[in-house]
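Just below is one structure, and these are the notes that go with it.
The values are calculated or read from the model by the stated rules, or taken from the named source; none is laboratory data. Computed from a predicted structure; not experimentally measured. Backbone-built Cβ (ideal geometry, glycine too); neighbour counts: all protein chains shown. Just so you know, the surface numbers come from the protein's heavy atoms only, side chains and all, with ligands and any DNA or RNA stripped out. Shrake-Rupley method; radii C 1.70, N 1.55, O 1.52, S 1.80 Å.
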Amino acid sequence: MALLPILEFPDPRLRTKAATVEAAQVTTPEFQKLLDDMFETMYDAPGIGLTASQVDQHLRFMVIDVSEGKDAPMVFINPEITARDGDQGLQEGCLSVPGIFADVTRSNRITVRYLDRDAREQELTTDSLLAVCIQHEMDHLEGKLFVDYLSPLKREMVRKKLSKQRKHAA
Ligand code: NI
């Protein structure tokens, strides 16, 4: 397995709309290796979700693990939300916007249809952190980031802070 470089805001590649994954592609060794590499990259970061978009592969899927023990990996391919209910606000962060956290309002309960890593159709109804995480990751597939929910002024502050962090790291 290998760690993949994660694109960071304001990299314009993060704005790419991801393409649908062909079901036949899912079970290929290349795709399965990409999933494994994405899990390794996400756990190493550490984070609870990572989309293909963030590692510059513009396909509609993501890996998620919101468990305490980091032992419940989930793969969502071509996810579609078919029902949503209520609102919740959670503080979110993002591996593409390191060190920045902000409250975002999302649906509290969602039903999502997707393919799993064996290309089997699945449907899941969930709430709380997993529901937030799925909605956050699905935004990435549209080229949208959680900082887009902030005011333009706050987003500009985030951009400056990250650029300062990168200079210090260089
Ligand atoms: Ni993110």
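Side notes on the structure shown:
- Filtered trypsin sites (Lys or Arg not before Pro), region 9-59: DSSP coil and at most 13 other beta carbons within 10 Å: LYS17
- With all protein chains kept in place, the per residue accessible area of the chain amounts to 53 square angstrom at a probe of 1.4 angstrom.
- The chain - percent of accessible surface contributed by carbon and sulfur, probe 1.4 Å: 52 percent
- Centre-to-centre separation between the Cα atoms of region 1-42 and those of region 127-151: 17 Å.
- D by Stokes-Einstein for region 12-54, Kirkwood Rh over Cα pairs, 37 °C, 0.692 mPa s: 282 µm²/s.
- Shape category assigned to the chain from the gyration tensor of Cα positions, a/c cut at 1.5: oblate
- Most to least accessible of TYR149, TYR43 (protein chains only, probe 1.4 Å): TYR149, TYR43
- Since only ALA83, THR27, SER151 are under comparison, the one whose Cα sits farthest along the positive direction of the charge dipole of the chain, derived from C-beta charges on Lys, Arg, Asp and Glu, is SER151.
- The magnitude of the dipole of the chain, with charges of +1 and -1 set on the Cβ of Lys/Arg and Asp/Glu and taken from the Cα centre, is near 920 debye.
- A straight chain from GLN165 to THR126 at 0.36 nm per residue would run longer than the Cα-Cα distance by 10.5 nm.
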